[in-house]
Amino acid sequence: MRTTPPLSLPVKRALAKLGGDIRDARLRRRITATLMAERAFITRVTLGKVERGDPGVSLGTYATVLFILGLASRLEELVDVKNDTLGLQLEDARLPKRVRRVRSRKEAK
């Protein structure tokens, strides 16, 4: 039996929101659960897990469902450097305070 590691509450909430948003997007497009499952090559049970935000479902399955909904491009933006405010701040903090010119051997003599 496969088990998933324990998840923090914010992660559980984010997955539940993602699943709910996927379900809402499917319904807005008037795509039945059966048709969506067929297009994604998954069962209706797995689609139900996706729409509940089940962490045991592979990222590839989520990506396929998003592709069918026309939303796959959003995956590219998830951890794009331009959206990583904390990472950029940490990188800026590591920048040197000043830059010294490297002297050549001829100049050093």
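Conditions (1) over 30 Å from Ile22 (Cα atoms); (2) in contact with a strand residue (DSSP E or B) (Cβ under 6 Å, 6 or more places away or on another chain); (3) at pLDDT 85 or above, marked per residue:
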{"position": "Val65", "(1), (2), (3)": "no, no, yes"}
{"position": "Leu69", "(1), (2), (3)": "no, no, yes"}
{"position": "Ala72", "(1), (2), (3)": "no, no, yes"}
{"position": "Glu76", "(1), (2), (3)": "no, no, yes"}
{"position": "Val79", "(1), (2), (3)": "no, no, no"}
{"position": "Asp84", "(1), (2), (3)": "no, no, yes"}
{"position": "Ala93", "(1), (2), (3)": "yes, no, yes"}
{"position": "Lys109", "(1), (2), (3)": "yes, no, no"}
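Checked against (1) among the β-branched types (Val, Ile, Thr); (2) closer than 27 Å to Leu9 by Cβ; (3) touching a Lys or Arg at 6+ places or on another chain (Cβ under 8 Å), Ile22 passes all but condition (3). Inspect the range 56-64 for any residue being out of contact with any Ser or Thr (no Cβ under 9 Å at 6 or more places or on another chain), of a type in the set (Ser, Thr, Tyr) and more than 22 Å from Leu35 (Cβ to Cβ) and give the result as yes or no. No: the range 56-64 contains no residue that is out of contact with any Ser or Thr (no Cβ under 9 Å at 6 or more places or on another chain), of a type in the set (Ser, Thr, Tyr) and more than 22 Å from Leu35 (Cβ to Cβ).
Take Glu38 and decide whether it is in a helix (DSSP H, G or I), surrounded by 11 or more Cβ atoms within 10 Å (Cβ to Cβ), modelled with pLDDT under 95 and over 16 Å from the mean Cα position of the chain (by Cα).
Values: in a helix (DSSP H, G or I): yes; surrounded by 11 or more Cβ atoms within 10 Å (Cβ to Cβ): yes; modelled with pLDDT under 95: no; over 16 Å from the mean Cα position of the chain (by Cα): yes.
The answer is no for Glu38.
Could we say that Arg52 is of a type outside the set (Asp, Glu), at pLDDT 95 or above and within 17 Å of Lys12 (Cα to Cα) here? The answer is yes for Arg52.
For the structure I just gave you, tell me whether Asp21 is in a loop (DSSP other than H, G, I, E, B) and surrounded by 13 or more Cβ atoms within 10 Å (Cβ to Cβ). In short, no.
Kindly establish whether Arg13 is without any contact (Cβ under 8 Å) to a residue 24 or more places away in the chain, on the phi > 0 side of the Ramachandran plot and not aromatic (Phe, Trp, Tyr).
Values: without any contact (Cβ under 8 Å) to a residue 24 or more places away in the chain: yes; on the phi > 0 side of the Ramachandran plot: no; not aromatic (Phe, Trp, Tyr): yes.
When the stated conditions are applied, Arg13 does not pass them.
Exactly one residue out of Val11, Val102, Val65 is among the β-branched types (Val, Ile, Thr) and not in a helix (DSSP H, G or I): that is Val102.
The values are calculated or read from the model by the stated rules, or taken from the named source; none is laboratory data. A quick note: this is a predicted structure, and the numbers were derived from the prediction, not measured. Virtual Cβ from ideal backbone geometry, glycine too; neighbours counted across all protein chains shown.
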